[in-house]
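Only one structure is covered here, and it is reproduced in the block below.
The values are calculated or read from the model by the stated rules, or taken from the named source; none is laboratory data. Since this is a predicted model, take the numbers as computed values, not measurements. So basically every Cβ, Gly included, is an ideal-geometry build from the backbone, and we count neighbours across all protein chains shown. Surface accessibility is based on the protein's heavy atoms, side chains included, excluding ligands, DNA and RNA. Shrake-Rupley method; radii C 1.70, N 1.55, O 1.52, S 1.80 Å.
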Amino acid sequence: GAAPFRAFLQARALKKSQGIEVGPMYYYFGSRHRSMEYLYGEELEAYLHDGLLTHLGLAFSRDQKKKVYIQHKIIEDGRQLVKFLVPDIDGQEVKDGDKGIFTLCGPVWPVPDIQEALVQAFSEYGWGREKAENKIAELKDRVVLGAARAYARRTMADYAERPEESQFEVTVARV
């Protein structure tokens, strides 16, 4: 589940406590009920309060009449996500340190609803649908998929050693 992402947050907190600058981080978490499934909620909100998290996008699908899922939160934040994930959308040259990464806990990529939310954001804020879909395919090189595999494949040391990927992060945890 969310344990690898919790480790990412803890590693960032350690870096920040050592005076090392960490970039912005958006964290999305979705489950059915906040009261029963909001894993590490107090910890996440403390990170948000302390500025380690820039944004906490919460989607509890059964806590209100109209179901709200992570992809809805991604669409709401589309402009900012585009800015971080594809800063070159306007054709400007971008150095690697300004590019973000997208990590996803849940089913294996592609998660159709989340992929569609990203395509919709890219389409709305700069590109046509075809170019947006192609960019998603290209971004898969910078996407960490499946929490257990991601944790096994990328140790925290590897993660910390890749500053070009630690400037901005979008982390999506689905329960």
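So if we plug the beta-carbon distance of Arg32 and Arg129 into 1/(1 + (r/R0)^6) with R0 = 45 Å, what FRET efficiency do we get, rounded to 0.05? Spell out each step's value before the answer.
Working: r = 31 Å, r/R0 = 0.70.
The computed FRET efficiency comes out at 0.90.
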Count charges around Ile89 for me, please; just the other residues with Cβ under 9 Å from its Cβ, Lys/Arg as +1, Asp/Glu as -1.
0
Could you run the Karplus curve 6.51 cos²θ - 1.76 cosθ + 1.60 with θ = phi - 60° over region 59-64 and give me ³J(HN,Hα) per residue in whole Hz, x for Gly and Pro?
9, 10, 5, 10, 8, 8
Once amide H atoms are built 1.01 Å from N in the peptide plane, which residues 5 or more positions from Ala59, or in another chain, come under 5 Å H to H?
Phe29, Gly30, Ser31
In Å², nearest 10: area of Arg129 left accessible to a 1.4 Å probe
110
What is the sum of charges around Phe122, taking Lys and Arg as +1, Asp and Glu as -1, for the other residues whose C-beta is under 10 Å from the C-beta of Phe122?
+1
Structure shown: which of Lys16/Lys135; Lys73/Lys131; Lys16/Lys66; Lys16/Lys131 lie over 28 Å apart, alpha-carbon to alpha-carbon?
Lys16/Lys135; Lys16/Lys66; Lys16/Lys131
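Quick one: net charge around Glu43, please, counting Lys, Arg +1 and Asp, Glu -1 for every other residue with C-beta under 12 Å from its C-beta. Please report the intermediate quantities before stating the final value.
Numbers: positive: Arg6; negative: Glu42, Glu45, Asp50.
The answer is -2.
Using a 1.4 Å probe over the heavy atoms of the protein chains, calculate the carbon and sulfur portion of the accessible area of region 1-74 as a whole percent.
Numbers: 2090 of 4010 Å².
Taking all protein chains in place, region 1-74 shows 52 percent carbon and sulfur surface.
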